[in-house]
Amino acid sequence: MIAVDRLAEVFVEVADTLVDDFDVVDFLGSLTRHTAEVSDAASAGLLLADPHGQLQYVASSQESVKLLELFQLQYREGPCLDCYRTGVAVVNSDLHHAGQRWPLFAPRAIEVGFQSVHAFPLRHRHKVIGALNLFSTDTGMFAPTDVRIIQCLADIATIGLLQERIIRDAEILTEQLQSALNSRITIEQAKGVLARTHGIDVDAAFTKMRDFARRNHHRLSDVARAVVTDPTRHPELTTTL
Amino acid sequence: MNSYRARMARANQLIDDEPGTAASAGGTILRLERLCSALTRALSASGAGVSLLTDDNHGGGMVAASDARSRVLEELQFTLGEGPCVDAYVSRRPVLEPDLRARGSRRWPGYAPAAQQHGVRGVFAFPLQVGAAHVGALDIYRAEPGSLAPDALGQACTFADLAMRILTDGQARAGTSQFSPDLDDALANRLEVYQAQGMVMVDLDVGIGEAMARLRAHCFAAERTISDVAKEIVAGRLVLVRDKT
């Protein structure tokens, strides 16, 4: 059932997107398209758990209101929610026999034209972070080897998400470093300004600025920035009486 | 990805192998200094240094270097307000100058001759950045002219990534809006420059950016380093006076 000849291309393409100018939304979108294509499923989509453990739709192989509705229904019930809760893949689930398991989801999926549904967990260590969802228009069965390959594609989605998180974390730390550096510099500049304005040394200037910030419930770095860029802002600090 | 990981591991190994204090000891700055020494050795360069910069091109300072001369060379860029390190930071790409004597002066009229006086012919600067955020540059100095071989170029990029990682690890330990104490120590002699900048702003009644330009102009004319001049201004022994216009 899996188009093995296409699979190698998919892996190469995915590896490419992991490196340069990585955009996680693009990446997950193309991954769901490839998953649908190689597995011969009619549609594929991806749901991720938010920080509160609530599933949220993030990407699918095609844009369709009806499909979107099917993904969103699974915030409450359906194969993705089951898969997310148990960490076990839901494979080859015949929708015509799933009315009891998913009373809301199963009839709606049949209405849209699907016969069977599948969900594969996105696993990181012992945590499930989301699920890869596939819909088929027939009841054709995925063989165990097919299941392993689709699970591989779900794992690639996980790797992509982790990669994005690592980059974002490092980016945030770098910005924090840059802003800490900036405020450190601004405070020194402001010490110099106040020292000269009041004819005091830089330590006394610092004390003066810190006391002013505390008294007025301002952040020290904000006061320093005002002293340097807009001396009229705090006249009681920047003018001599 | 695998080869990237292998290159990072090899660079880390080279840093660990540097003689001196045990690799695990010390904080951000010590690790960066070892990185500079290891890189210098690996590329047969004459030195290397790491500087932090800020967006307005007035701030930052050298935080680590392989040796005394590289410290002077890093400082030079802050005194003059120009150089490969500044360009690499601003452009977010490597700045490669294999021969300062040939083209350098057109690029950096102040920096190029001054760096040559310190025995540098080739200089290669790599931005310290991750995603959209950037914070400084890694500079490599060579006494002989000539380009970096592709292999050496790859190695330099890996070391720049590693330097960025050492800095972000340090920031992760320091907490959200704090500046890590050892970075603060490393920048200690720069802090007087910023105090002096604030003083010049008042003395000359100019904006903070203009104050740095005046300070630099004075240093250039007096052929002195900016930290020496700053020290005198902060101590009250030197006051820049307004031009009579």
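Quick notes
- Under 19 Å from A:Lys127, Cα to Cα: aspartates and glutamates that are on another chain or at least 8 residues apart: A:Asp50, A:Asp82, A:Asp155, A:Glu164
- q = 0.06, 0.12, 0.13 Å⁻¹, the protein assembly as shown: log10 I(q)/I(0) [Debye, one scatterer per Cα]: -0.41, -1.00, -1.08
- A simple spin-label model places the labels of B:Ala188 and A:Asp50 4.9 nm from each other, with each point 7 Å out along Cα-to-Cβ.
- Cα-Cα P(r), region A:175-238, percent of pairs per 5 Å interval: 4, 20, 31, 26, 12, 5, 1, 0
- Placing +1 on each Lys and Arg Cβ and -1 on each Asp and Glu Cβ, with no other charges, gives region A:4-169 a dipole about its Cα centre of roughly 780 debye.
- By average C-beta atoms within 10 angstrom, highest first, the peptides A:82-89, A:220-227: A:220-227, A:82-89
- Approximating the spin labels as points 7 Å out from Cα along Cα→Cβ, the B:Glu232-to-A:Glu9 distance works out to 7.2 nm.
- Derived value for region B:109-245: Kirkwood hydrodynamic radius 17.9 Å. Basis is the mean of 1/r over every pair of different alpha-carbon atoms.
- Proxy reagent accessibility, fewest Cβ within 10 Å first, across A:Lys66, A:Lys191: A:Lys66, A:Lys191
- Relative packing of peptides A:95-108, B:162-175, B:187-200, B:30-43 - highest average C-beta neighbours within 10 Å first: B:187-200, B:30-43, B:162-175, A:95-108
- For peptide A:193-200, the mean count of partner chain Cβ atoms within 10 Å of a residue's Cβ comes to 5.
- The A:Glu37 and B:Asp55 beta-carbon pair, evaluated with R₀ = 45 Å, returns a calculated FRET efficiency of approximately 0.50.
- Counting only residues at least eight positions apart within a chain, or on another chain, the aspartates and glutamates with an alpha carbon under 20 Å from that of A:Lys66 are A:Glu37, A:Asp40, A:Glu77, A:Asp94, A:Glu111, A:Asp138.
- The simple Förster model, with R0 at 35 Å and r as the Cβ-Cβ distance, assigns A:Ile159 and A:Val88 a FRET efficiency of 0.95.
- The smallest convex shape that holds all Cα atoms of region B:2-180, its convex hull, gives 115 Å³ per residue.
- With R₀ fixed at 30 Å, the C-beta to C-beta distance from B:Val206 to B:Ala68 puts the FRET efficiency at about 0.30.
- Distance between region B:204-245 and region A:173-241 - C-alpha centres, whole angstrom: 20 Å
- Against the compact-protein benchmark of 2.2 N^0.38 Å, the Cα-based radius of gyration of region B:36-102 scales to 1.10.
- About its Cα centre, region A:1-81 has a charge dipole of approximately 440 debye under the convention of +1 per Lys or Arg Cβ and -1 per Asp or Glu Cβ, with nothing else charged.
- Distance between the C-alpha centres of region A:32-78 and region A:117-146: 11 Å, rounded to the whole angstrom.
- Using 0.36 nm per residue and subtracting the Cα-Cα separation, the extra length available between A:Asp16 and A:Arg168 on full extension is 52.8 nm.
- The GNM of chain A, with springs linking C-alpha atoms under 10 angstrom apart, assigns the highest mean-square fluctuation among A:Asp169, A:Asp16, A:Asp201 to A:Asp201.
- Neighbouring partner chain Cβ atoms per residue of B:133-146, average, 10 Å criterion: 2
- Computed [θ] at 222 nm, helices only, for the protein assembly as shown once each DSSP H run of length n ≥ 4 contributes -39500 (n - 2.57): -18000 deg cm²/dmol
- Inter-probe distance in nm under a simple model that places probes 7 Å from Cα toward Cβ, at A:Ser179 and B:Ala102: 4.5 nm
- Listed residues B:Pro145, A:Met209, A:Ser221: farthest to the positive end of the dipole of the protein assembly as shown (Cβ charges): A:Met209
- For region A:119-165, the alpha carbon positions stretch 37, 19, 16 Å along the principal axes, listed from largest to smallest.
- Net charge of Cβ neighbours under 10 Å - reference A:Gln115; Lys, Arg +1; Asp, Glu -1: -2
- Which of A:Phe142, A:Ala89, A:Ala36, positive extreme of dipole for chain A (C-beta unit charges): A:Ala89
- Pairs of Cα atoms farther than 26 Å apart, region A:1-122, %: 21 percent
- For region B:188-235, diffusion coefficient by Stokes-Einstein and Kirkwood Rh (Cα), 10 °C, 1.306 mPa s, µm²/s: 154 µm²/s
- This model, with +1 at the C-beta of Lys and Arg and -1 at the C-beta of Asp and Glu, gives region B:188-235 a dipole about its Cα centre of some 140 debye.
- Label point of B:Ala222 set 7 angstrom out along Cα-Cβ; within region B:73-115, no amide nitrogen lies under 13 Å from it.
- Counting neighbouring Cβ atoms within 10 Å and putting the fewest first, the residues A:Thr158, B:Thr158, A:Thr186, A:Thr229 line up as A:Thr229, A:Thr158, B:Thr158, A:Thr186.
- Kirkwood Rh and Cα Rg combined as Rg over Rh, evaluated for chain A: 1.31
Throughout, read-outs are computed from the coordinates displayed, never taken from laboratory work. Note that the structure is predicted; figures quoted are calculated from it, not measured. Cβ atoms come from the backbone with ideal geometry, glycine included; neighbour counts cover every protein chain shown.
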